[in-house]
Each structure stands twice: as structure tokens, then as C-alpha cells.
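Right, one structure below, let's go through it.
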Amino acid sequence: MLAGDTKRGLMLPNDRMVKMLLQDTTRFNFSTPEGFPEAQANFPYGTGSFRLDHDKYRVVFVSLYHQLHCADNFGLQLRKTEGFQWTHIAHCMNLLRTIAMCRPDLTLEPGDFTKRNFELQREGPTPHVCRDWINVHEYLSEDWKKWMRYWHDHIDGKSSQCVRQCVHI
């Protein structure tokens with residue numbers, strides 16, 4: 001549900017904050033065959049889209065998933081030896097910079113991270129307080145499933161014009 005309009009943001013029924021320890025990990029490594037599928041698992045069904053009015057085909061995207069898309073794009077671009085998408089990288093750098101400034105995480109992190117032994121100390125020593133992203137993931141996945149049921153019951157196969165308009169959702 002959106003409160004008011006698209007400028008306000010997604011209002012979740014069970015929105016809550018959780019503590020999260022940031023960890024260095026070998027997962028999500030785009031230089032391995034497993035890296036990209038692991039990163040894609042962070043996206044809900046519908047890749048972070050949300051329908052405002054199922055019967056009017058109004059769709060928006062939750063910024064969290066735009067940010068994850070940009071992080072994934074960096075990983076994919078780093079693997080390339082040619083054909084970099086510089087305009088996409090520049091867009092993503094600006095998006096992540098702006099988000100960091102818009103919602104700064106003021107958690108204090110001790111010392112020089114380069115002096116930590118990441119083999120022994122994978123977790124940062126300070127927990128961060130974060131919105132429960134699992135709740136967001138589940139909520140958007142359910143919204144996508146509702147949309148797919150609606151699509152099947154009301155749209156699928158009824159009009160080629162509707163299919164052309166709705167495919168871009």
C-alpha cells in the first residue's frame with residue numbers, strides 16, 4: 001500500500017527494524033559461476049515492482065531493488081574485458097551516492113578495516129540497525145503473485161492490445 005502517492009514510499013503492514021552485522025563473504029562474487037544466481041536471489045518475484053492499482057496497471061519499483069540492481073551491475077561490469085556500459089555505471093554510482101546521502105547510516109565503525117584479518121574476523125564489530133528487508137521481499141513477492149493471478153483471470157489472451165500495454169509493466 002502506498003500512503004498518498006508514489007512520493008511517499010511503500011507502507012508495510014509489519015515494518016520493523018532489525019540488527020544486522022555486516023559480514024565480508026565469499027558469496028555474491030561475480031567472478032564465480034555461483035555469484036550472479038546468488039545475487040539474483042536477493043530479488044523478490046517481480047524484481048521489486050509493486051502494483052498500485054491492479055486494475056489500472058500502475059506499477060512502481062521499490063528503490064531498494066534499484067540499488068541492488070546497481071550493485072549487481074557493478075559486479076557484472078567488473079568481469080567484462082570490453083563493452084563496459086559507462087552510462088549505466090555512472091547512473092548507478094550517482095544513485096548509490098545519493099541514497100547514501102539521503103539515508104546515511106551513522107553507525108560508528110572502529111579503526112582501519114584494512115588491518116582486520118578477514119579470515120578470522122568476517123563480521124564487523126558493530127551491529128547496524130536496518131529495516132527488515134526480508135519483510136519487504138515477502139511483501140513484494142506476494143504482490144507479484146496477486147498480480148499474476150489477476151493477469152491470468154482478467155487479461156491473459158483477451159486482447160492483443162492489452163498484452164502489448166501490460167507487458168511493459
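Only the coordinates and a few stated rules stand behind these numbers; no lab work does. What you see is a predicted model; the values in this text were computed from it and never measured.
Here the mean projected area of the convex hull built on the C-alpha positions of the stretch 66-130 is 6.2 nm². A viscosity of 0.890 mPa s and a temperature of 25 °C, combined with the Kirkwood radius over Cα pairs in Stokes-Einstein, give a translational diffusion coefficient for the stretch 18-66 of 185 µm²/s. For the stretch 98-114, putting each phi into the Karplus relation 6.51 cos²θ - 1.76 cosθ + 1.60 with θ = phi - 60° gives couplings of 5, 4, 4, 6, 6, 10, x, 8, 9, 4, 7, 10, x, x, 8, 4, 6 Hz, in residue order, rounded to whole numbers and with x for Gly and Pro.
With 0.36 nm allotted per residue and the present C-alpha distance subtracted, the ASP53-ASN73 stretch has 4.2 nm of extension available. Could you check how many percent of all C-alpha pairs in the stretch 13-101 are farther apart than 16 Å? The share of Cα pairs beyond 16 Å in the stretch 13-101 comes to 67 percent.
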